[in-house]
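Readers should treat all values here as calculations from the given coordinates under stated rules, not as data from a laboratory. Since we're looking at a predicted model, the values are computed, not measured. No Cβ is skipped: glycine too gets one built from the backbone with ideal geometry, and neighbour counts run over all protein chains shown.
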């Protein structure tokens, strides 16, 4: 197994703990990129929620959280593990199950990446280059410090099951340091997804 592959697996294992632990408060998820189809579809009344590229425990945790978040906006949602408890079946079987279930849409939350971001914070100097920085910089001056953050990236997509499974919305979401004490990563992710859906007119403005 390559070094890159081993590193990726270790990173994913770290997230496995993050997703299912923690309580209120903690990290905040930011929406870094959003795409929405130009053609506005009629409002969806029911969706099937999928968690992708994660283990079964995390899949169920993410799906349940998103279902609960959507329910606050009168959206009827069901976690995919209820229909597919052993993971998604082949394409034709899954498509038929969605059709039989009468779902208007498919909401998919996909774990895309776990990485580290390093920020270098320079020291604070007063009096300009010659009066302060010069000389001290080569010796005992305060040179600042380095911050290393763990960043978890999710892609969430919404598909219209009534129109040949057409993509109608997509958002990339990023959470820094999801394992901070007291941090609830799943709640933070759900809040970010729901807020973006509301902002883009895919959920009602008020609960």
In angstroms, what radius of gyration and Dmax does the stretch 27-118 have, counting Cα atoms only?
14.7, 48
Difference of contour (0.36 nm per residue) and Cα-Cα distance, residue 93 to residue 42:
15.7 nm
Neighbour counts of other C-beta atoms within 10 Å: give me 44, 54 arranged from fewest to most.
54, 44
What is the packing order of peptides 87-100, 107-120, taking the mean over residues of other C-beta atoms within 10 Å and listing the highest first?
107-120, 87-100
